There are 2 protein chains.
Amino acid sequence: MKAEYINPFIESTINALKTMAMVSPKREKLQVKKDGESAMYDISGIIGLAGGVVGSVVLSFPKETAMKIVASFIGEDVPDVNKDVLDAIGELTNIVAGSAKKIFYEQGHHFKISLPNVVYGKDHKINRARDVPCISVTFSSDAGPFAIEVSLKEVQ
Amino acid sequence: MKAEYINPFIESTINALKTMAMVSPKREKLQVKKDGESAMYDISGIIGLAGGVVGSVVLSFPKETAMKIVASFIGEDVPDVNKDVLDAIGELTNIVAGSAKKIFYEQGHHFKISLPNVVYGKDHKINRARDVPCISVTFSSDAGPFAIEVSLKEVQ
């Protein structure tokens with residue numbers, strides 16, 4: 001995975017949160033993961049990428065961050081992590097992946113995206129195959145911290 | 001989602017487990033999920049489907065079932081849910097999705113598959129959008145129970 005492949009996802013994440021939820025995230029740490037295993041926050045939206053490049057993008061949030069983002073998105077307080085919150089995190093993941101797809105398309109890389117699955121569970125981990133490079137980026141924001149993880153490889 | 005769309009995944013799951021791990025699963029309950037939210041077992045392999053149909057397939061296992069399947073697959077005891085177990089569940093998910101893809105192709109439905117993400121966490125749930133139908137199938141086997149969940153829709 002080329003390092004520059006992460007940039008469309010960073011850009012799309014920042015734009016999507018600004019537009020949808022009036023949250024302005026700041027990029028913090030970028031890390032290349034070699035063992036393919038990651039401890040995630042409480043709620044992780046996952047979308048598969050398939051075509052000229054193949055892989056996945058994960059947006060992962062502590063439940064407090066997710067609730068604040070979704071409250072701002074829907075314009076009212078959310079009492080707990082209910083289905084509206086999980087659906088909104090799925091929709092946000094969909095927007096980020098779809099927006100990154102457009103940027104890749106302009107650069108000559110064509111792929112399609114699947115539908116989002118949103119995992120909800122304290123201390124869940126996500127494992128990927130050892131031969132698929134993964135880049136993790138953490139963000140800070142008014143709504144709290146969150147992270148994205150992108151793993152992809154070009155299809156020969 | 002047409003009910004017959006589940007059959008290639010059931011067939012591929014049974015074949016993959018027989019071939020890889022000499023485990024012969026028996027299909028138990030088939031259920032259409034309407035709310036999009038599912039409580040999963042401890043370990044869930046997820047692959048996205050994208051193209052003429054779009055969605056995902058999830059194979060979910062209690063950790064005891066996963067360890068027995070992987071022990072049979074690699075031919076030695078596995079002491080715990082280590083990276084080998086998670087990688088093998090990812091590979092199994094990949095084989096099931098790839099094999100189902102071939103069956104769909106022969107029926108005129110073309111899609112590509114992403115790379116597997118394997119979620120590991122007690123009591124994790126997976127949420128999908130309300131407008132995406134999902135079919136859940138449980139299996140029993142010598143290695144213990146497990147389940148598959150397929151959500152997909154045709155792209156207009």
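The values are calculated or read from the model by the stated rules, or taken from the named source; none is laboratory data. None of the values given here were measured: they were computed from a predicted structure. Methodologically, a virtual Cβ is constructed for each residue, glycine included, from the backbone with ideal geometry; neighbour enumeration extends over all protein chains shown.
Listed values, structure above:
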| quantity | calculated |
| --- | --- |
| Residue ID - farthest from residue A:133 (Cα to Cα), chosen from residues in the stretch A:1-33 that are in contact (Cβ under 8 Å) with a residue 24 or more places away in the chain and of a type in the set (D, E, K, R) | A:26 |
| Segments classed as strands (runs of 3 or more DSSP E), wholly inside the stretch B:78-149, with at least 2 members that are farther than 26 Å from residue A:153 by Cα and not charged (D, E, K, R) | B:134-140 |
| Number of the condition not met by residue B:150 [criteria: (1) of a type outside the set (Phe, Trp, Tyr); (2) within 14 Å of the chain's Cα centre (by Cα); (3) within 8 Å of chain A (Cβ to nearest Cβ); (4) closer than 17 Å to residue A:47 by Cα] | (3) |
| Scan of the stretch A:49-77 for residues that are assigned to a strand (DSSP E or B) and either closer than 17 Å to residue A:6 by Cβ or without any contact (Cβ under 8 Å) to a residue 60 or more places away in the chain (or both), ordered by number | A:49, A:53, A:54, A:55, A:56, A:57, A:58, A:59, A:60 |
| Qualifying residues in the stretch A:76-106 (those that are surrounded by fewer than 20 Cβ atoms within 10 Å (Cβ to Cβ) and basic (Lys, Arg)) - the one modelled with the highest pLDDT | A:102 |
